[in-house]
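Student: Sharing a structure, written as structure tokens. Questions coming.
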Amino acid sequence: MRDIREFGVALRLSIAFGLLLFAMGVLSLSSIRQVNEINAKLSLINGSNSQKYRNGIDMLGTVRDRAMALRDIVLTDSDTGKATTIAMMKKLQASYASNAAELQKAVNADVFSTAAEHRLVEGLKAFQNEAEPLIAEVIKLTLDGKKDQTKPLLLNQLRPKLTAWIGALNKLIDYEQALNQGVGGKVKAASDEFKSLTLTALSVAALFGIFAAALTTRSIIAPLAKLQQSVRQMIAGDMQIDRIIERRMDEIGQLARQISTLKTHLSEKAERDAVAEHHQYMIAGDVFIFPKSNESDTAAQTHLAKLMLSPKVQVDFNNLKGSIPVRAGVDGSNMDVCAQAGLAAVSDPSRQVPNPEMRLSPDAHGMVTDAISNFWNTDQSVDEAVAALQSALSM
């Protein structure tokens, strides 16, 4: 398995960011799933179950109202009152039929409908089929004036049927209410699960974030801090090199190797400069010779000599000649780096070394030159060349 330090900085940051995106993606997908589940359960409560519950309540109300209306029909002697009550009962019957049709449709369309719901709805049809003919018979006997037959029919046959019918409707209502409560409990459980999942996912995302931050700090920020310290040391003159970071194969390792190369160059330059500070500077020069003449010519020669030795003329002249001024007190800032180095060297008496021509007579200098030329251009031995130099310098 590859060491993570071999990965580039961009790749490592991409990995850390990818981990965070992955955690966020897992959290989002889980959240969507939980929200969809909660939404489905709420839709079940607010939709099909609520409609079936309302239909049951409305059907129960119509049956109870019809039972009370039958009592009024039997007890009243007014033909107008009877007609009004019978008309109301027909409306109640139509309302019951409408709610029963909606209930049946909801049970058939709802994929979550249970077998118990189907049994309860079918049972309501059975109770209705048993009670409806008796209701019609009671109304007919009442209108025919046969109260002596109506009362026993109402009390002994119809009332038990109506009671059983109302009981079946109550069972349906209680069952739908229990279903809603059960779904509500499931919604609460799903909500609690979603809360726990969200907290867990956020905790995992936080751990991923901490891990990514630690990874970034350990593999990127800490090495950069070391490089920053190395640069500070370099500025302070400490050219020691830490080779550990240079072993990395990423951008930080490349930067460390470049800084190391820079340190090496600077160290070598410092060493060269230190050695150059102790090098001796050989002085040589050209001269202007004025012929000896009368007194008026001497004044002109003196004026020319002063002009030639003035600071500005010395700088301009030596910039063209490629040498340094023969006098002190000149501004060499406009001269090249070689001339500036020469000025610095010649200003230190300990580094000044005269040209051999200044120490030798013309004859001796000529013999030295001949000895060197013979050694380079003939088969003369080293010992013979040394003897020739010694002879020339002894003159």
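The values are calculated or read from the model by the stated rules, or taken from the named source; none is laboratory data. In this text the structure is predicted, and so the values were computed from the model without any measurement. Neighbour counts are summed over all protein chains in view; Cβ atoms, including those assigned to glycine, are modelled from backbone coordinates with ideal geometry.
Student: So if I check each of ARG64, ARG12, which one is modelled with pLDDT under 70, of a type in the set (Lys, Arg) and not assigned by TED's automatic domain parsing to the domain that holds GLU251? So that I can check it myself, show each step before the final result.
Tutor: Working: ARG64 fails: modelled with pLDDT under 70.
Criteria check complete, one pass: ARG12.
Student: List the helices (runs of 4 or more DSSP H) that sit entirely inside the stretch 313-395 and contain at least 1 residues that are under 15 Å from GLY285 (Cα atoms) and either of a type in the set (A, V, I, L, M, F, W, C) or in contact with a Gly (Cβ under 8 Å, 6 or more places away or on another chain) (or both).
Tutor: Working: elements: 337-346, 356-359, 362-377, 382-393.
Result: 337-346, 356-359.
Student: Quick test for you: out of PRO223, PRO160, pick the one residue that is in a helix (DSSP H, G or I) and modelled with pLDDT under 75.
Tutor: Details: PRO160 fails: modelled with pLDDT under 75.
One residue alone meets the criteria, PRO223.
Student: Checking the conditions here, which among LEU153, LEU172 is in a helix (DSSP H, G or I) and over 60 Å from the mean Cα position of the chain (by Cα)? Spell out the reasoning first.
Tutor: Values: LEU172 fails: over 60 Å from the mean Cα position of the chain (by Cα).
Among LEU153, LEU172, only LEU153 is in a helix (DSSP H, G or I) and over 60 Å from the mean Cα position of the chain (by Cα).
Student: What residue, of SER98, SER113, is within 22 Å of SER50 (Cα to Cα), among the small types (Gly, Ala, Ser) and in a helix (DSSP H, G or I)?
Tutor: On the way: SER113 fails: in a helix (DSSP H, G or I).
Unique residue meeting the criteria: SER98.
Student: Next question. Could you check, for the stretch 337-351, whether at least one of its residues is assigned by TED's automatic domain parsing to the domain that holds LEU309, among the acidic types (Asp, Glu) and under 30 Å from SER391 (Cβ atoms)?
Tutor: Checked against the condition, which is being assigned by TED's automatic domain parsing to the domain that holds LEU309, among the acidic types (Asp, Glu) and under 30 Å from SER391 (Cβ atoms), the stretch 337-351 yields no hits at all.
Student: Right, something else. Among the residues of the stretch 297-312, is there at least one that is touching a Lys or Arg at 6+ places or on another chain (Cβ under 7 Å), assigned to a helix (DSSP H, G or I) and either at pLDDT 85 or above or among the polar types (S, T, N, Q) (or both)?
Tutor: Applying the first criterion (touching a Lys or Arg at 6+ places or on another chain (Cβ under 7 Å)) to the stretch 297-312 yields 309.
Next, from what is left, pick out any that are assigned to a helix (DSSP H, G or I): none.
For the stretch 297-312, residues touching a Lys or Arg at 6+ places or on another chain (Cβ under 7 Å), assigned to a helix (DSSP H, G or I) and either at pLDDT 85 or above or among the polar types (S, T, N, Q) (or both): absent.
Student: Against the definition (under 30 Å from LEU393 (Cα atoms), surrounded by 11 or more Cβ atoms within 10 Å (Cβ to Cβ) and among the β-branched types (Val, Ile, Thr)), how does VAL313 come out, yes or no?
Tutor: Details: under 30 Å from LEU393 (Cα atoms): no; surrounded by 11 or more Cβ atoms within 10 Å (Cβ to Cβ): yes; among the β-branched types (Val, Ile, Thr): yes.
Spelling it out, it is not the case that VAL313 is under 30 Å from LEU393 (Cα atoms), surrounded by 11 or more Cβ atoms within 10 Å (Cβ to Cβ) and among the β-branched types (Val, Ile, Thr).
Student: Moving on. Of all the residues that make up the stretch 333-360, how many are small (Gly, Ala, Ser), closer than 15 Å to LYS321 by Cβ and without any contact (Cβ under 8 Å) to a residue 40 or more places away in the chain? Give the steps one after another, and end with the answer.
Tutor: Initial filter on the stretch 333-360 (small (Gly, Ala, Ser)): 333, 339, 341-342, 344-345, 347, 350.
From what's left, closer than 15 Å to LYS321 by Cβ: 339, 342.
In the following step, the residues that additionally are without any contact (Cβ under 8 Å) to a residue 40 or more places away in the chain were identified as 339.
Count: 1.
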